[in-house]
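Student: Take this structure first; my questions come after.
The values are calculated or read from the model by the stated rules, or taken from the named source; none is laboratory data. Remember, it's a predicted structure, so these values are computed and weren't measured experimentally. Ideal geometry is used to build each Cβ from the backbone, glycine not excepted, and the neighbour counts take in all protein chains shown. We work out accessible area using only protein heavy atoms, side chains counted, and drop any ligands, DNA or RNA first. Shrake-Rupley method; radii C 1.70, N 1.55, O 1.52, S 1.80 Å.
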Amino acid sequence: MKRHERMNALLELLGERGRVDVEEAATALEVSAATMRRDMDALAEQQLLTRTRGGAVLSSVAYDLPIRYKHAHRSAEKEAVAQAAAKLVERGDVVGLSGGTTTTAIARVLATRPDFAEAGPQPHLTIVTNSLNIANELAVRPQIKIVLTGGVAHSRSFELVGPFSELVLQQISIDIAFIGANGMDPVMGATVHDEAEARVNRLMAERARRAVIVADSSKIGERCFARVGDTDVFDTFITDASAKEATRREFADRGLRVVTARPPATERVSESE
C-alpha cells in the first residue's frame, strides 16, 4: 500500500472509530508502529487529526474529511448511484449538483455520456453547482456549460456557501437537482454537517422542477447537525443495493420514490414507489 493510500485508510479508520492508538492502526493497516507514528504526525501537521499519547483522534476541525481523502470510500456504491442518477438526465437539461463525492461521481458519468460529448455549436447540458472540484473537472468539457454559484469556499467540502451562492440560485431555474447528504433518516430526511451547506443545498433543491437525494447506504440512519429537507423539497431518493428493504420501505411510505441502484454487472435498477 502506497503512503497516500495508507494515510487515506488511516483517516477512514479514524472516521469510523473516532480514536485509534498506534498499535491498533498499525495492525489494521499492516505496517510497523514506527511507520504509523510518522503517518499520524504528517496528518497532524495538516490538521486532519490530533495526536494523543499513543495514538490519535479526529481533529476538531476535521469532522468532514476533504473530498481528496474520501473519493475511494465505497466507490462501487457511489458509481452505481451515479449511473442511476445520470439516467434521469436528458439532453438540454439544466442540472444542479451540490458538493460531495456522490455528486462528483454523477458529474463524471454525465461528462462521459456520448450524447453530451457530441460536437455542436451549443452546449448539450448545463451544470449549476456550488462545488469547486466539480466545476474544475467539467470546465474542460466544451459541450457542457458550467455555472458556478460563487460564495465563500468551505475548506472541508470544497463547497461555496453564503449569500453570494444564494443570490445566484435565486435567479435561476433548474430542471433536476441532485443533492448529496451526510445523513439520511426516514424522519429527519437529508442532513449535513454544516448549516450553511444545508441552506444552499435546500435552495438548490427548491429551484429545481425535480429534486433528488443521492446517498449511498452507509448514510442511511445517520442524523447530522443541519437538516436539508425531506418530501417537502425532494421526490426521489437514490441509494445502493445494500440498503435494507425495510428501511427503503420506510422512505417510500413517507412519500419518497426510492431507487435502488445496483452495480453495473447486475444490469438492473429496482424501484419502490
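Student: Give the long-range amide H neighbours of Glu222: residues separated by 5 or more places, or on another chain, with amide H under 5 Å away, using H modelled in the peptide plane at 1.01 Å from N.
Tutor: Amide H neighbours of Glu222: Met184.
Student: Using a 1.4 Å probe, what is the accessible area per residue for the chain, in Å²?
Tutor: For the chain, the solvent-accessible area averages 46 Å² per residue.
Student: Rounded to the nearest Å, what's the spacing between the alpha carbon centres of segment 73-133 and segment 187-227? Just the number, please.
Tutor: Taking the Cα centre of each part, segment 73-133 and segment 187-227 sit 18 Å apart.
Student: Quick one: 3J(HN,Hα) in Hz for segment 186-201, Karplus 6.51/-1.76/1.60 with θ = phi - 60°, rounded, Gly and Pro as x.
Tutor: With coefficients 6.51, -1.76 and 1.60, one gets x, 8, 7, x, 7, 9, 9, 6, 10, 5, 5, 5, 4, 5, 5, 4 Hz.
Student: If the only charges are +1 at each Lys and Arg Cβ and -1 at each Asp and Glu Cβ, what is the size of the charge dipole of the chain around the Cα centre, to the nearest 20 debye?
Tutor: Using only the charged Cβ atoms, the result is roughly 340 debye.
Student: Right, here's the next one. Against the longest principal axis of the chain, how steep is helix 75-86, in degrees 0 to 90 to the nearest 10, with axes from Cα atoms?
Tutor: Orientation of helix 75-86: about 10 degrees from the principal axis.
Student: Count the lysine pairs in the chain that are 8 or more places apart or on different chains: how many have C-alpha atoms under 25 angstrom apart?
Tutor: Lysine pairs, 8 or more places apart or on different chains, close enough: 14.
Student: Please list 3J(HN,Hα) in residue order for segment 102-115, calculated via the Karplus relation 6.51 cos²θ - 1.76 cosθ + 1.60 where θ = phi - 60°; whole Hz, with x for glycine and proline.
Tutor: Ordered by residue, 3J(HN,Hα) equals 6, 5, 5, 5, 4, 4, 5, 5, 4, 5, 9, 5, x, 6 Hz.
Student: Considering every pair of different Cα atoms, what Kirkwood radius, in Å, is found for segment 136-206?
Tutor: Its Kirkwood hydrodynamic radius stands at 13.4 Å.
Student: A further question follows. Per residue of segment 21-35, what does 6.51 cos²θ - 1.76 cosθ + 1.60 with θ = phi - 60° give for ³J(HN,Hα)? Whole Hz please, x for Gly and Pro, Karplus curve as stated.
Tutor: 9, 4, 5, 4, 5, 4, 5, 5, 9, 6, 9, 6, 4, 5, 4
Student: Let me ask another. Of the options His4, Val109, Ser75, report the single residue whose Cα projects farthest towards the positive end of the charge dipole of the chain (beta-carbon charges: Lys, Arg +1; Asp, Glu -1).
Tutor: Value computed over the given set: His4.
Student: Taking the Cα centroid of segment 147-163 and of segment 1-25, what is the distance between the two, rounded to the nearest whole Å?
Tutor: 28
Student: For Asp93, Asp235, give the ranking by accessible area with the largest first, probe 1.4 Å.
Tutor: From most accessible down to least: Asp235, Asp93.
Student: Just flag the chymotrypsin sites (Phe, Trp or Tyr not before Pro) in segment 214-245 sitting in loop per DSSP whose Cβ has no more than 16 other Cβ atoms within 10 Å.
Tutor: Phe225
Student: When the Debye formula is applied to the Cα atoms of segment 146-248, each taken as the same point scatterer, what base-10 log of I(q)/I(0) results at q = 0.11, 0.18, 0.19, 0.22 Å⁻¹?
Tutor: Taking Cα atoms of segment 146-248 as identical point scatterers yields -0.32, -0.83, -0.92, -1.17.
Student: Take the solvent-accessible surface of the protein heavy atoms, probe 1.4 Å, and return the percent of it on the chain that carbon and sulfur atoms account for.
Tutor: Accessible surface attributable to carbon and sulfur in the chain totals 50 percent.
Student: Taking amide H positions as placed in the peptide plane 1.01 Å from N, state which residues far from Leu160 in sequence (5 or more) or on other chains have amide H under 5 Å from it.
Tutor: Ser131, Leu132, His154
Student: Put +1 on the Cβ of each Lys and Arg and -1 on the Cβ of each Asp and Glu in the chain; which of Thr236, Gly180, Leu125 then has its Cα farthest toward the positive end of the dipole?
Tutor: The listed residue farthest towards the positive side: Leu125.
Student: Can I ask one more? Of all beta bridges DSSP finds with both residues in the chain, what is the antiparallel percent, to the nearest 5?
Tutor: Just about 45 percent of them are antiparallel.
Student: Let me ask you something else. Mean residue ellipticity at 222 nm from the helices of the chain, using -39,500 (n - 2.57) per DSSP H segment of n ≥ 4 over the full residue count, to the nearest 500 deg cm²/dmol?
Tutor: Mean residue ellipticity at 222 nm (helix-derived): -10500 deg cm²/dmol.
Student: Distances longer than 35 Å among the Cα atoms of the chain: what percent of all pairs is that?
Tutor: Here the long-distance tail beyond 35 Å is 19 percent of all Cα pairs in the chain.
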